[in-house]
1. Within the range 716-733, can you find the residues that are open to solvent by less than 30 Å² (accessible area, probe 1.4 Å) and either modelled with pLDDT under 85 or within 24 Å of Asn630 (Cβ to Cβ) (or both)?
2. Among residues belonging to the range 277-297 that are within 18 Å of Asn262 (Cα to Cα) and not in a helix (DSSP H, G or I), point out the one that is least open to solvent (accessible area, probe 1.4 Å).
3. Could you please find all residues in the range 71-107 being of a type in the set (Lys, Arg) and either open to solvent by 50 Å² or more (accessible area, probe 1.4 Å) or free of Cβ contacts under 8 Å to residues at least 40 places away in the same chain (or both)?
4. Open to solvent by 20 Å² or more (accessible area, probe 1.4 Å) and part of a helix (DSSP H, G or I): does that describe Arg608?
5. Does the range 671-681 include one or more residues that are surrounded by fewer than 19 Cβ atoms within 10 Å (Cβ to Cβ), over 30 Å from Ala62 (Cα atoms) and of a type in the set (Phe, Trp, Tyr)?
6. Look through the range 844-859, keep the residues that are under 46 Å from the mean Cα position of the chain (by Cα) and surrounded by fewer than 18 Cβ atoms within 10 Å (Cβ to Cβ), and return whichever of them is farthest from Lys782 (Cα to Cα).
7. Residue by residue through the range 124-153, note down the ones that are in a helix (DSSP H, G or I) and over 20 Å from Gly170 (Cβ atoms).
8. Give the residue that is nearest to Ile322 (Cα to Cα), with candidates limited to residues of the range 391-443 that are of a type in the set (D, E, K, R) and in a loop (DSSP other than H, G, I, E, B).
Amino acid sequence: PIFGAVFLFRKELINMKRMTSSEIRQMWLDFFASKGHMIEPGASLIPYKDPTLLWINSGVAALKKYFDGSVTPKNKRIANAQKSLRTNDIEHVGYTARHHTFFEMLGNFSIGDYFRKEALTWAMELLTSPKWFGFDLEKLYFTVHPSDKETYELWQKLGVNKDHIIFVEGNFWEIGEGPCGPNTEVFFDRGEKYDPNNVGVKLIEEDIENDRYIEIWNIVFSQYNAKSGLKREEYPELPSKNIDTGAGLERITCIMQNAETNFETDLFMPIINQVQKLASVPYEGNLVAYRVIADHIRTCTFALADGALFSNEGRGYVLRRILRRAVRYGRKIGINEPFLYRLVEVVGAIMNDYYGYINDKKDHIAKLVLNEEERFIKTLKDGEHLLLNQLEKFSDSKVLSGEVAFKLYDTYGFPYELTVEIAKEYGFSVDEEGFKKEMALQKEMARSARGDAQSMKNQSADLIEFIDESTFLYKETKVDAKIIALFKDGERVDTLVDEGEVVFDKTVFYAESGGQVSDIGYIEVDGVKIEVIDVKKAPHFQHLHTVKIPQGYQLEVKDKATLEIDVIRRNRIRRHHSSAHLLQKALIEVLGDHISQAGSYVDDTKVRFDFTHFEKVSSEELKKIEARVNEIIDLGLKVETEVMSLEEAKNSGAIALFDEKYENDVRVVSMGDYSKELCGGTHVDKTSDIGCFAIESEESISSGIRRIVGSTGISAYKLLKRKEELLEQASHQLQALSIYEVNDRLQSLISQSHSLRKEIEQLKSKNASLMVDSLLANALEKDGYKLLVSVVEDFDKDALGILVDQLKDKLGSSLVYIINKSADKVNLIASATKDIVKDKNIHCGKLIKETASLLGGNGGGRPDIAQGAGKDASKIDQVIAYLKNLE
């Protein structure tokens, strides 16, 4: 069985309840559910619409919407088990007992409901009751802030001895202005075995890193409002007080399974056991490498499952760094081939009770991991070769420049840490300050290049406060409406001239969203036509129509208008949007269930669909996908739209974007029984209205993300005609009678080309043979071998190689060096027989490098063969003289 770890229990803990990690997580949730808490589903590791966070990094991070008041929870009591990701201490992972990049926080929260008394009472019940965790109270220690006398007294009333309650000045949670308050922490005492110097509770009092007292729970009493200029004791109390807690699942599991560290629990040991089967050395004696691998594969698995992808920036770069760190530690224990992908299934099995979706995606995740491992292994090989070449240049100082280290990192993806490690093995150090300087320079250049493109616009208070209702009519294309608001540069105005934004009580103009562009068209007021060039959504979702007003005219609030969209354009957009739904379903059918949407763009000329996939889609697969979409179009399936609850939609099998957050009521678009998706866009009435669908291109846009561009209707016709025109051009150039003969003509030309190439090779060989005898006379006798240096003109690369090989065959033990002059440069080639490479210490790569530099060029290669080039032909005599004087 996968849970093969064996846990030994010390005598003093023989009565402690033994539980699996899954049981501990479930017991936490069951306990707080029994206290009236709503169990909040764990959020994705990728924050939803929160630019302040790269990852969800704590239990409360996903609940900010409740704490800041932007969303009111259905229940003010909440509990959760939240997966979290942090990399700020990544260098400690593997070296300590409790540092992780991926971990789970168990939490219970009160949003203006219960407070200190209930929070502490329930904490004591959960921790010590035999029905729940059943910890021995004598093993628990508690810290409180010196000012928090109420918590100090409450713990005593709940049975805690005074000498187990410790005042700690740092027990106060505060981040700038806003909600803050004291906190209390719960520690578990693992005994004197983990305190060899018998320091005791001073380890807690003085916050000394130790393995005896393990913090398992932190409870924050958010009761004050921090204000600048006030002393802490002067902070006013919050009218609505909150409870925010966090307990580490890995730590509690370590204690309840009496493990030496978190890594010897059932959360990690199955992974470690699997790695031992692949490594050349055991876990014992190589703890760091095994622990890094076990931690990092959990992180990669969950991040990829939640929609992250490997890339060179942002989250993708963090993920790439984590995986590459694991690969490097794999090399330390003798694993030089891809292996992390094999561990994904193990992670899925460990976490299946609560995170069943990992197993559903395990094949897709494993392929992404394998692709990234293979990419990095190639990077390691290429980068290591480049690094060793660079080290030769700094052999005098024994310090590799920061500029070179940065180039290896930036251009070739070679990790800086690995550069330092390899350089150290060869007796070199690396200029770290120089590296940091280059890194800072690159970041500054990137910021300058971005300019204002990514800067945020100033918030518009008028738009934020505008809450008047406006209705969008999906089916109509023309409607009479009334202006209810006008805006100019975000400010609300009574009259509008030139250009600005208009809001109507109702509209037929679709506002840009969900990847679909907005409608354009006209509004007519008092017989004057006014162009609508764009439509966006306001903060409260009203449609903002950007209009161009004719000179000499103005719009006023309460004006009545007739709104009419460009119907032909809307119909083309509808066709493309509906084809995107069919395309997604066809991709799943042909490529597999791992396919999910990663972005889309729909306008009147094309559909651009991004999707998760780990390899190029073959031409045969593209044909099947395109054919399948057209088959469904031809069936004329009815396209129906229905508004239902989110739960009903999901239960009906409707496809939703993984990281999208939906309202309680959603719009579901169905195309017969073939496709069903959550979607707010405009669509055709039946699939046959699409006409036809043609794929224009398929390409990679980032690691694990592919893009298909296609078109429908008249755009598809134009695309197919362009392809036909290209075939006709080819037919004309090939002198074929029609496009249907193009393939036959091409095959005939290819066959002729092969024949001519063979003839050319034979002529090159004959030409080289004719020169061999005349060049042999230039051979010099050296100490046990022959040196031949000759100058030729206008040989191509293949002929030069043939010439060198024939000369070596005739000479036997020899070094052949040919200088090939052409109009614009001088090419060099050196080749030596293997015996003199070994016996005479000949190295052609070094020889080419040294001589090419005399000609103002460069080159290099292996000991037995190398090539180079130079620019200054006037120095050829110097090269010949240099070579003839070789020892």
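The values are calculated or read from the model by the stated rules, or taken from the named source; none is laboratory data. Computed from a prediction, not measured in an experiment: that's the story for all the values here. Neighbour counts run over all protein chains shown; Cβ positions are idealised from the backbone, glycine included. The area values use the complete protein model at the heavy-atom level, side chains included, leaving out ligands, DNA and RNA. Shrake-Rupley method; radii C 1.70, N 1.55, O 1.52, S 1.80 Å.
1. Answer for the range 716-733, where residues must be open to solvent by less than 30 Å² (accessible area, probe 1.4 Å) and either modelled with pLDDT under 85 or within 24 Å of Asn630 (Cβ to Cβ) (or both): Ala716, Leu719.
2. Checking each candidate, the answer is Tyr283.
3. Residues satisfying the conditions are Lys74, Lys76, Arg77, Arg86.
4. It is false that Arg608 is open to solvent by 20 Å² or more (accessible area, probe 1.4 Å) and part of a helix (DSSP H, G or I).
5. yes
6. Selected residue: Gly856.
7. Met124, Glu125, Leu126, Leu127, Thr128, Leu137, Glu138, Lys139, Glu153
8. Asp431
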